[in-house]
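Data first, discussion second: the structure below is written as structure tokens.
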Amino acid sequence: MKKILIAIDGYAACGKSTLAKQLAAHLHYLFLDTGAMYRAVTLYLLENNINWLDAAALDDALNNISIAFQRNEDGKIITFLNGDDVEDAIRSMQVSNKVSEVAAVSAIRKFLVQQQQEIGKEKGIVMDGRDIGTVVFPHAELKLFVTADMDTRVQRRLLELQSNDIPVSEQDIRDNLIKRDKEETTRTDSPLMQAKDAILIDNTNLTPEEQFTFVLKLVEAKLK
Ligand code: CDP
């Protein structure tokens with residue numbers, strides 16, 4: 001059976017990973033959350049007090065970073081940093097507030113993109129991020145670009161963090177999303193943008209099920 005690579009890019013807190021997980025489970029594909037990789041690097045740099053603008057210190061740090069993913073007994077995918085479960089720690093506001101600054105550094109992008117390309121070699125994968133359809137896999141068979149209006153994104157992220165017992169205010173989430181949108185769309189290396197051949201999905205008024213049904217038709221057309 002033909003296997004394809006599905007690239008899902010778009011703004012923060014638009015439900016990209018929800019969609020990616022649904023698709024991966026349905027198709028028996030691998031799911032790769034590339035944002036978790038940028039978050040893990042950010043956590044490492046913050047915890048070890050490393051200035052990411054100091055090229056030598058950063059280079060040393062990257063040599064000491066190993067990121068892996070494992071499914072736990074509930075079926076949830078857990079991010080590991082140097083063998084430690086960091087799944088909750090990488091979702092904290094401290095990390096969210098710094099991750100787009102860290103993700104603008106070319107040496108860090110190079111380090112992670114190389115790993116993502118290696119993982120994606122096998123096809124049969126759904127990858128979500130900001131630059132998957134533009135930089136990591138410009139030849140992906142299906143590219144989606146996901147967006148939603150700001151109020152919807154704030155409410156979704158609030159629910160997500162609250163359900164994981166991560167304390168945060170609505171205003172902090174809004175400020176963070178606005179800041180990251182600006183930093184990600186204006187950075188020089190791999191800015192967030194819709195690839196020419198990506199399909200735009202505004203899911204403001206779509207339930208996860210409606211979105212999934214719509215996308216599944218696009219996938220099936222590619223598998224014919
Ligand atoms: O989950 P959320 O939508 O908040 O973002 P994420 O997917 O976890 O990504 C965290 C951050 O990593 C983003 O805000 C980007 O700055 C960066 N990122 C990136 O630059 N390139 C990617 N392929 C994925 C994430």
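Carbon-plus-sulfur fraction of the accessible area of the chain, 1.4 Å probe, in percent?
Carbon plus sulfur share of accessible area: 51 percent.
Mind checking the full-extension length gain between Asn82 and Phe214? Use 0.36 nm per residue of separation minus the Cα-Cα distance, one decimal, nm.
The Asn82-Phe214 span can extend by a further 43.7 nm.
Using Stokes-Einstein with the Kirkwood hydrodynamic radius over Cα pairs, what translational diffusion coefficient do you get for the chain at 4 °C and a viscosity of 1.567 mPa s, in µm²/s rounded to a whole number?
72 µm²/s
Using modelled backbone amide H atoms (1.01 Å from N, in-plane), which distant-in-sequence or interchain residues come within less than 5 Å of Ile78's amide H?
Residues meeting the criterion, in which the H sits 1.01 Å from N, are Gln70, Arg71, Asn72.
How many percent of Cα pairs in the range 1-63 exceed 13 Å?
That tail contains 70 percent of the Cα-Cα pairs.
Name the long-range amide H neighbours of Thr147: under 5 Å, sequence gap of 5 or more, or other chain; modelled H, no Pro or chain starts.
Ile201, Asp202, Asn203
Among Gly35, Gly75, Gly129, whose mean-square fluctuation peaks in a Gaussian network model of the chain (Cα, cutoff 10 Å)?
Sorting by GNM fluctuation, first place goes to Gly75.
Residues in the range 3-17, backbone N under 17 Å from the label point at Lys123 (7 Å along the Cα-to-beta-carbon vector): list them, ranges by number please.
3-7
I want to verify a result. In a Gaussian network model of the chain, Cα cutoff 10 Å, which of these has the top mean-square fluctuation: Ala148, Ala55, Ala198?
The residue that fluctuates most here is Ala55.
Out of the DSSP beta bridges found with both residues in the chain, what percent are antiparallel (nearest 5)?
So the antiparallel bridges in the chain amount to around 30 percent.
Report the gain in length on full extension from Ile166 to Met150: 0.36 nm times residue separation, minus Cα-Cα distance, nm rounded to one decimal.
Residue separation times 0.36 nm, minus the Cα-Cα distance, leaves 3.7 nm.
Picking from Gln211, Gln162, Gln116, which is most flexible by a Gaussian network model of the chain using Cα springs under 10 Å?
Gln162
Provide the gained length on full extension for the span Arg174 to Ala107, in nm with one decimal, where the gain is 0.36 nm per separating residue minus the Cα-Cα distance.
Between Arg174 and Ala107, full extension yields an extra 21.2 nm.
The values are calculated or read from the model by the stated rules, or taken from the named source; none is laboratory data. The structure displayed is predicted, hence computed values, not measured ones. In this analysis, Cβ positions are derived from the backbone assuming ideal geometry, glycine residues included, and neighbour counts consider all displayed protein chains. Please note that ligands, DNA and RNA were not included when accessible areas were found on the heavy atoms of the full protein model with its side chains. Shrake-Rupley method; radii C 1.70, N 1.55, O 1.52, S 1.80 Å.
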